[in-house]
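Here the structure is laid out as structure tokens; the discussion comes afterwards.
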Amino acid sequence: MQDKTVAKLISAEEKRQREGLELIPSENYVSQEVLQAMGSVFTNKYSEGYPGKRYYGGQVNTDALEQLAINRAKALFHSDHANVQSNSGAPANEAVYHSWLEPGDTIMGMELSHGGHLTHGRPGTISAKLFNFVRYGIKDIETGEIDYDQMLEVARQTKPKIILAGFSSYPRELNYAKFAEIGAEVGAVLMADMAHIAGLIAGGVLKNPFDFGFHVMTTTTHKTLRGPRGAMILSQGTVSNPLKAVDKTIANLPTLIDRTVFPGLQGGPHMHIIAAKAVALYEAAQPEFKIYCQQVLANAQALSSELMSNGIKLITNGTDNHMMLADIYSSFGFDGSVAEQTLDRIGLTLNKNVIPDDPLPPYRPSGIRLGTPAITTRGLKVEHMPQIARWIKEALDSHNDETKLDKLAHEVKNFASAFPLP
Ligand SMILES: Cc1ncc(COP(=O)(O)O)c(C=O)c1O
């Protein structure tokens, strides 16, 4: 590469990834094939519109490529339609809100400190300025069970037009049948934001909201699905010409969504990313991906019991999915950002996180969030989880002891180097 400055940063980042262990639950390592597709000549092409209906010439390959990605997404998640153009998780959620709602309408989402994502109505976001968000949350912090009675009561009072199931820091499975019951009673569109767990749904180890009557599902493609940074919007209904206006009916949801993504929110789709999404969807349909997903869950189970046996308190006392939330403040007496920095120092990357009804402020919250998707891609198995839990415990016990942290950093680097990046 001529540009030595960028070349140096790329190789430094590769080294950092190789020598450390990635425990951020929303991150993963893509295959060489996904990387190649992202770096392909499809980045040169403008293709505003949809397959067969473009505003520019020269679309013979882009049409075939986008249609392939759409077909693979539909088959993998059992949906009538897939929009694969959405650039990331936040605009994908925005697109669904805008395709169905008018300003001032109500969306019911998960309490943010109980696990809901910023795009589910965090004050200050564009959607929170335009729409009215009401909340459901956890009833019992020990089990993580959602308070479905409270949810029904609030839904009856506020009549949300969308009920949103989804989270970025919740370690349990949602009861989609309950969501569907409540949605049917108040006439809401059922939306699932499966950004974190889409790969695990595709791999058959977690439930698919579409099996419970959900109408629409958004997901990022770069987390457990192990694809490029990007998103998809899957929906049920009739697919018609996205360049022609349609009535706002539930059957028309796929077309309403397509029209909101383009021309509503975006211009030309990122075709090189769509190429990489197609490759990731192909990979996720292979039998090895099921095995990968089973291992992600087995590793998460093993890591959560090892953390707890080292005296680290986990929110809900464990996990049903790929992620864990640890209450650092009660376990060690300091906040999650100290834990994040200490563990970063020894090569274990994870993030500080609020815990339900956190007594500390969001920029220095009580918890950390960690997960197993990336280390499982690296090839780590259940037998490696006790070692990771021990490193976490020892580093946090000695967070002021530079000599001890140096020793642990050396151990992590040696260990990680035995598990090459894909
Ligand atoms: C549940 C959920 N939705 C949406 C997003 C936003 O995705 P992006 O960062 O790609 O915009 C995230 C990202 O972490 C997420 O966890």
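Computed quantities for the displayed model
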item: Filter pass, Gln85 being in contact (Cβ under 8 Å) with a residue 12 or more places away in the chain, among the polar types (S, T, N, Q), out of contact with any strand residue (DSSP E or B) (no Cβ under 6 Å at 6 or more places or on another chain) and more than 16 Å from the ligand (Cβ to nearest atom); result: no
item: Options Pro365, Pro359; residue that is at pLDDT below 95 and in a loop (DSSP other than H, G, I, E, B); result: Pro359
item: Matching entry among Ile70, Ile146 (being crowded, with 22+ Cβ neighbours inside 10 Å and within 16 Å of the ligand (Cβ to nearest atom)); result: Ile146
item: Selection count, the stretch 191-219, where residues are within 16 Å of the ligand (Cβ to nearest atom) and more than 18 Å from Cys293 (Cα to Cα); result: 7
item: Some residue of the stretch 284-302 being closer than 30 Å to Ile70 by Cα, modelled with pLDDT of 95 or more and of a type in the set (Gly, Ala, Ser); result: yes
item: Residue in the stretch 117-137 that is surrounded by fewer than 17 Cβ atoms within 10 Å (Cβ to Cβ), in contact with a Lys or Arg (Cβ under 9 Å, 6 or more places away or on another chain) and assigned to a helix (DSSP H, G or I) present; result: yes
item: Residue in the stretch 371-380 that is assigned to a loop (DSSP other than H, G, I, E, B) and either under 30 Å from Pro123 (Cβ atoms) or among the aliphatic types (A, V, I, L, M) (or both) present; result: yes
item: Some residue of the stretch 27-35 being modelled with pLDDT of 95 or more, of a type in the set (A, V, I, L, M) and outside any helix (DSSP H, G or I); result: yes
item: Any hit, the stretch 243-250, residues being out of contact with any strand residue (DSSP E or B) (no Cβ under 6 Å at 6 or more places or on another chain) and either within 14 Å of the ligand (Cβ to nearest atom) or in a helix (DSSP H, G or I) (or both); result: yes
item: Scan of the stretch 106-130 for residues that are at pLDDT 95 or above, farther than 17 Å from Ile182 by Cβ and more than 16 Å from the ligand (Cβ to nearest atom), ordered by number; result: Lys129, Leu130
item: Residue among Ser366, Ser304, Ser309 that alone is surrounded by fewer than 22 Cβ atoms within 10 Å (Cβ to Cβ) and of a type outside the set (D, E, K, R); result: Ser309
item: Ser113 vs. criteria assigned by TED's automatic domain parsing to the domain that holds Pro254, closer than 30 Å to Ala298 by Cα, of a type in the set (Ser, Thr, Tyr) and surrounded by fewer than 23 Cβ atoms within 10 Å (Cβ to Cβ); result: yes
item: Residue satisfying all of: in the stretch 138-152; over 17 Å from Asn353 (Cα atoms) and in a loop (DSSP other than H, G, I, E, B); modelled with the lowest pLDDT among these; result: Glu142
item: Of residues in the stretch 88-99 being among the polar types (S, T, N, Q) and in contact with a strand residue (DSSP E or B) (Cβ under 8 Å, 6 or more places away or on another chain), the one farthest from the ligand (Cβ to nearest atom); result: Asn93
item: Matching residues, the stretch 88-109, being among the small types (Gly, Ala, Ser) and without any contact (Cβ under 8 Å) to a residue 12 or more places away in the chain; result: none
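The values are calculated or read from the model by the stated rules, or taken from the named source; none is laboratory data. Remember, predicted model here, so these are calculated numbers, not experimental data. Neighbour counts are summed over all protein chains in view; Cβ atoms, including those assigned to glycine, are modelled from backbone coordinates with ideal geometry.
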